[in-house]
Amino acid sequence: MNAALPGATHLECSLTGERLESELLQRLSPAGKPLLARYDLDALRGRFTPDALGGRRSDLWRYADVLPVRDPACIVSLGEGWTPLLDAPRLAASLGVRRCLVKDEGQNPTASFKARGMALAVSRALELGAKTLALPSAGNAGGAAAAYGAAAGLPVHVVVPSDTPVPILEEIRSLGAHLHLLDGLITDCGRVVQKGVREHGWWDLSTLKEPYRLEGKKTMAYELFEQLGGRLPDVIVYPTGGGTGLIGMWKAFEEMEALRWIGGDRPRMISVQAAGCSPIVRAFEAGVEDAGYFEGAKTYASGLRVPAAVGDFLILRAVRASGGAAIAVTDQEMARWVNIVGRTTGVFAAPEGGAVAAAVPPLLRKGVIRESDEVVLFNTGSGLKYVGMEPLAPEGPDDP
Ligand SMILES: *Cc1c(COP(=O)(O)O)cnc(C)c1O
């Protein structure tokens with residue numbers, strides 16, 4: 001890949017549709033909402049086809065036609081994406097569904113799917129001239145930002161809650177990033193980054209506050225389609241923090257339809273959160289689009305400890321339009337299912353991977369998932385990054 005890549009044509013406000021220039025560093029839209037990268041899909045139709053992917057590199061850059069990087073020299077890659085989609089018949093039997101597949105995102109660089117988003121965000125930051133990278137993180141995003149910043153040769157500041165899993169703190173330090181610890185939540189960490197943005201010109205890689213982490217994570221949907229032999233599953237169960245992966249896959253389905261890879265059918269999208277931090281579930285149940293702030297967020301699944309999501313309305317629209325649902329599971333249930341996933345599949349899942357499995361039995365009882373369904377569970381990270389972390393009891397009126 002030496003010739004210039006097509007790249008995006010423009011950016012679009014996810015709320016108002018307003019168009020913005022794509023070849024400048026851009027954060028949120030003037031309306032304060034996430035920006036979506038748009039491509040010339042009419043020109044790509046018939047040229048960028050599933051058949052054309054055959055001999056391509058086995059990472060997410062195989063989909064470079066629908067990614068924003070233009071100069072191949074700006075691609076910062078550690079081998080992200082193209083993770084296995086594992087058939088899991090014994091897990092399917094434990095869950096009570098016809099077929100279950102595990103998309104094992106723990107096999108990405110830095111052992112979580114945050115690598116997908118950071119590969120794109122850092123490549124674009126490099127291409128568009130950012131000098132210093134920064135982000136607040138619940139954990140894994142910090143490790144991935146540190147890794148891709150190191151690979152790009154750019155300094156990175158990572159601000160994380162002080163109770164972030166120790167393996168992740170060690171990872172961030174070893175990768176040479178500046179680590180700032182804070183007694184608080186990711187939203188508090190965000191304020192420290194905003195100060196650095198104002199005072200030192202840091203480029204903020206916060207999820208959905210720049211347009212490209214979404215583009216990295218959307219490649220999960222292209223992979224599912226390819227790995228299933230040119231179709232999509234009935235149900236996708238996804239552990240939701242900021243929702244970037246769910247929103248990204250939904251966007252990829254639209255692109256794939258415009259490219260005529262698929263028709264109008266979509267998998268039912270299930271958003272799974274922790275009982276101790278479930279703003280999306282609360283909004284889903286209330287029938288509203290604005291999830292607001294979840295007070296007292298508490299869960300050992302650090303990727304799910306996101307009390308406010310700037311893309312809340314996009315998550316909720318996708319879940320509802322797909323006929324899916326949002327559901328919360330306790331830390332204890334996550335931990336129990338980490339073990340069931342482990343012994344039935346051989347995958348040592350993150351608590352977030354346990355959470356998606358834990359969500360299936362109650363959704364079967366509610367009829368949102370059916371026994372006849374083919375269900376894809378996203379294990380978004382490796383259990384190794386949570387060693388030493390214990391499930392937390394959610395605080396609530398029912399708890400002693
Ligand atoms: C960040 C993270 C999530 C949540 O991902 P979003 O796409 O931001 O919702 C889930 N699992 C793990 C392991 C994570 O690191």
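Mind counting the residues in region 75-111 that are of a type in the set (D, E, K, R), within 14 Å of Glu371 (Cβ to Cβ) and either at pLDDT below 95 or assigned to a strand (DSSP E or B) (or both)?
1
Are there any pairs with C-beta distances below 9 angstrom linking a residue in region 204-220 that is at positive phi to a residue that is near the ligand (Cβ under 10 Å from one of its atoms) and part of a loop (DSSP other than H, G, I, E, B), with the two at least 6 apart or on different chains, and if so which?
Listed by first residue and then by second, the contacts come to Leu208/Gly242; Leu208/Gly243; Leu208/Ala309; Leu208/Gly311.
Restricting to region 113-155, what's the tally of residues that are assigned to a helix (DSSP H, G or I) and either hydrophobic (A, V, I, L, M, F, W, C) or away from the ligand (no atom under 14 Å from the Cβ) (or both)?
Going through region 113-155 one residue at a time, the tally reaches 21.
Considering only residues that are closer than 17 Å to Gly230 by Cα and either part of a helix (DSSP H, G or I) or not hydrophobic (A, V, I, L, M, F, W, C) (or both), which ones fall in region 40-57?
Arg45, Gly46, Arg47, Thr49, Pro50, Asp51, Ala52, Leu53, Gly54, Gly55, Arg56
If a residue has to be closer than 20 Å to Met220 by Cβ and in a helix (DSSP H, G or I) to count, how many in region 355-379 make the cut?
Qualifying residue count for the region: 5.
List the number of the failed condition for Val69; all other conditions in (1) of a type in the set (Val, Ile, Thr); (2) surrounded by fewer than 23 Cβ atoms within 10 Å (Cβ to Cβ); (3) under 17 Å from Ala3 (Cβ atoms) hold.
Result: Val69 fails condition (2) only.
So which of Asp188, Asp234 is at pLDDT below 95, out of contact with any His (no Cβ under 9 Å at 6 or more places or on another chain) and either more than 16 Å from the ligand (Cβ to nearest atom) or among the charged types (D, E, K, R) (or both)?
Checking each option against the conditions leaves just Asp188.
Within the group Glu333, Glu289, Glu352, Glu390, which residue is in contact with a helix residue (DSSP H, G or I) (Cβ under 7 Å, 6 or more places away or on another chain), part of a loop (DSSP other than H, G, I, E, B) and of a type in the set (D, E, K, R)?
The conditions single out Glu289.
When the residues of region 238-268 are narrowed to those that are within 12 Å of the ligand (Cβ to nearest atom) and assigned to a strand (DSSP E or B), which ends up nearest to Pro351 (Cα to Cα)?
The residue in question is Pro239.
The values are calculated or read from the model by the stated rules, or taken from the named source; none is laboratory data. None of these values were measured; they are calculated from a predicted model. Note: ideal-geometry Cβ built from the backbone for every residue, glycine included; neighbour counts use all protein chains shown.
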